[in-house]
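**Student:** Dropping the structure in here first, questions after.
The values are calculated or read from the model by the stated rules, or taken from the named source; none is laboratory data. Being a predicted model, the structure only gives us computed values, none of them experimental. So basically every Cβ, Gly included, is an ideal-geometry build from the backbone, and we count neighbours across all protein chains shown. For accessibility, only protein heavy atoms count, side chains too; no ligands or nucleic acids. Shrake-Rupley method; radii C 1.70, N 1.55, O 1.52, S 1.80 Å.
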Amino acid sequence: MAKDFCNPQVVEGYDLHIRKLIPGYQLVHQQILAILQAHLSQDAHVLIVGVGTGYELGYLLQAFPRFRFTVTELSQPMLDKAKDYVALWNNDNRVNFILGSHIDFEHSPQFDAVLSILVTHFIPFEHKLEFMQAARRCMKMNGIFLTFDLTQFSFKQEAEALQQMCLMNGLLEKQVQAMQSRMQDDFYALSTHETFNLLREAGFVQVHSFTQVLSYQGFIAEY
């Protein structure tokens, strides 16, 4: 059964669970921070697609005191959690919280960067191109798109290695089994090659991989 991100119990336990579920979770976010520091000016406007409970937004608000943020989320409980989490660092109201999709902004190229972290793999295959095209259309020229997602397993042992790492991170055996089942319901994973091709088809000029932890990969696409 697909996970219900509007369920209050799921929302409350999300931050602890995700650190056990995603190998190298903290390191990936450190890399995202470093990439934004290298690419963006001090007064950039950043769109976060699928803000979740606000962890990513929280450290970016602290690191970039002059950045403005627009964040989208399809789950009202997640969005409420994010608002509460970042309230301490958002006392100057630099964040525009949107219940809805980034597609609403695709005809307004206002963002220097668009972040889609652990989101794109939930988009059904038939909608992925539209999702990426909308991200590109709402970016300024020379903007960057960052995505980090589960990619297709290349061989059986890769899936087994991911399960073992989740156990090492503290997931229970029954949680790992639930993860296996959810991969059939929740995830629409592309291969590395398919991801590169789809980003280029969406109109991005330069596409590079910036990180990989087992079958999770991060890509940076420039426009």
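**Student:** Would you check if there is a residue in the stretch 43-62 being assigned to a helix (DSSP H, G or I), within 30 Å of M165 (Cβ to Cβ), open to solvent by 40 Å² or more (accessible area, probe 1.4 Å) and modelled with pLDDT of 95 or more?
**Tutor:** Within the stretch 43-62 (the criterion being assigned to a helix (DSSP H, G or I), within 30 Å of M165 (Cβ to Cβ), open to solvent by 40 Å² or more (accessible area, probe 1.4 Å) and modelled with pLDDT of 95 or more), the answer is yes, since at least one residue qualifies.
**Student:** Of the residues that sit in the stretch 191-223 and are modelled with pLDDT under 95 and in a loop (DSSP other than H, G, I, E, B), which one is most open to solvent (accessible area, probe 1.4 Å)?
**Tutor:** Looking at the filtered set, the residue picked out is V205.
**Student:** Which residues, counting only those in the stretch 63-100, are polar (S, T, N, Q) and farther than 14 Å from F111 by Cβ? Quick ask: steps written out before the conclusion?
**Tutor:** Initial filter on the stretch 63-100 (polar (S, T, N, Q)): 70, 72, 75-76, 90-91, 93, 96.
Matches in the stretch 63-100: S75, Q76, N90, N91, N93.
**Student:** On to the next question. Within the set of pairs 6 or more residues apart or between chains, which connect a residue that is closer than 17 Å to Q212 by Cβ inside the stretch 184-199 to a residue that is loosely packed, with under 14 Cβ neighbours inside 10 Å and not aliphatic (A, V, I, L, M) with Cβ atoms less than 6 Å apart?
**Tutor:** Hits for this filter: zero, empty list.
**Student:** So, of the residues in the stretch 133-190 that are in a strand (DSSP E or B), more than 19 Å from the chain's Cα centre (by Cα) and not basic (K, R), which turns out to be surrounded by the most Cβ atoms within 10 Å (Cβ to Cβ)? Break it down stepwise before answering.
**Tutor:** Of the residues in the stretch 133-190, the ones in a strand (DSSP E or B) are 139-150.
Retained after the next criterion (residues that are more than 19 Å from the chain's Cα centre (by Cα)): 140-142.
Next cut, not basic (K, R) only: 141-142.
Details: M141: 8, N142: 10.
By that ranking, first place goes to N142.
**Student:** Does G24 meet the test of being buried (at least 16 other Cβ atoms within 10 Å of the Cβ) and among the small types (G, A, S)?
**Tutor:** Working: buried (at least 16 other Cβ atoms within 10 Å of the Cβ): yes; among the small types (G, A, S): yes.
In short, yes.
**Student:** Within the stretch 1-16, which residues are buried (at least 16 other Cβ atoms within 10 Å of the Cβ) and assigned to a helix (DSSP H, G or I)? Break it down into steps so the answer makes sense when it comes.
**Tutor:** Of the stretch 1-16, the ones buried (at least 16 other Cβ atoms within 10 Å of the Cβ) are 5, 11, 14.
Across the stretch 1-16, the qualifying residues are V11, Y14.
**Student:** Let me ask something additional. Tell me yes or no: at least one residue of the stretch 63-72 is touching a residue at least 12 places away in the same chain (Cβ under 8 Å), among the aliphatic types (A, V, I, L, M) and more than 24 Å from G13 (Cβ to Cβ).
**Tutor:** First pass over the stretch 63-72, keeping only residues touching a residue at least 12 places away in the same chain (Cβ under 8 Å): 63-64, 66-72.
Checking the rest, the ones that are also among the aliphatic types (A, V, I, L, M) come to 63, 71.
This time we only want the ones that are more than 24 Å from G13 (Cβ to Cβ), so: 63.
Yes - at least one qualifying residue is present in the stretch 63-72.
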